[in-house]
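Heads up, the thing below is written out as structure tokens.
The values are calculated or read from the model by the stated rules, or taken from the named source; none is laboratory data. Everything quoted here is computed from the prediction, not taken from an experiment. We place every Cβ from the backbone using ideal geometry, glycine too, and count neighbours over all the protein chains shown. These accessible areas exclude ligands, DNA and RNA; they are computed on the full protein's heavy atoms, side chains included. Shrake-Rupley method; radii C 1.70, N 1.55, O 1.52, S 1.80 Å.
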Amino acid sequence: VERSLKNLPPKQRVAAAIAKGDYEFADKEIALMLKKIPNDMVALNLKAAMESAQGKYKDAEKTLDQVIFSHPKSYHAYFNMARIKLAANPPDKDGARRYYENGRIYGGPQNKAIEAALMEGAQ
């Protein structure tokens, strides 16, 4: 890990590693986080982000199901699940819309990117 990343808090280091495609490092760090705090919401969302970035959408969905089960009122997992449903081939817009709307119910802010993707191709 680069020196600049070593000064970041662990969760930010993992996010940076995922963004750079360093999945081996991210996976090890996430495993350590989850060993300390099983069902840690941020660690599980990071795990799902890493799985999604690797194209492992089914794994990411299972991870996000775990977040939603453990933290049912946190909008982040609902929004992340909506993104995964939209990334599927073909996109599952109905599923994505349901997850997005649930996230909004639980206090999630309006997300113009998700809304635009939901409207894409709509008449």
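Structure values in brief
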quantity: Charge tally in the Cβ shell below 14 Å around Ile37, where Lys, Arg are +1 and Asp, Glu are -1, Ile37 excluded; calculated: +2
quantity: Relative contact order (percent, whole number), the chain, Cα cutoff 8 Å, 6+ residue spacing; calculated: 16
quantity: Projected label distance in nm at Tyr57 and Gln110, using a 7 Å step from Cα toward the beta-carbon; calculated: 2.8
quantity: Per-residue [θ]222 nm for the chain (sum of -39500 (n - 2.57) over DSSP H runs n ≥ 4, rounded to 500); calculated: -22500 deg cm²/dmol
quantity: Whole-number D in µm² s⁻¹ for segment 27-76, Kirkwood Cα-pair radius fed into Stokes-Einstein, 25 °C, 0.890 mPa s; calculated: 229
quantity: Apportionment of accessible area to carbon and sulfur, the chain, percent (1.4 Å); calculated: 53
quantity: Rounded to whole Å, sorted largest first: equivalent-ellipsoid semi-axes of segment 1-92, Cα gyration tensor; calculated: 22, 16, 10
quantity: Accessible area per residue in Å² at 1.4 Å probe, computed on segment 7-53; calculated: 56
quantity: Segment 49-88: relative contact order as a whole-number percent, Cα under 8 Å and 6+ apart; calculated: 39
quantity: Greater than 24 Å apart at Cα, pairs in Lys36/Lys73; Lys6/Lys62; Lys62/Lys93; calculated: Lys6/Lys62
quantity: Translational diffusion of segment 41-118, µm² s⁻¹ [Kirkwood Rh, Cα pairs; Stokes-Einstein; 25 °C; 0.890 mPa s]; calculated: 203
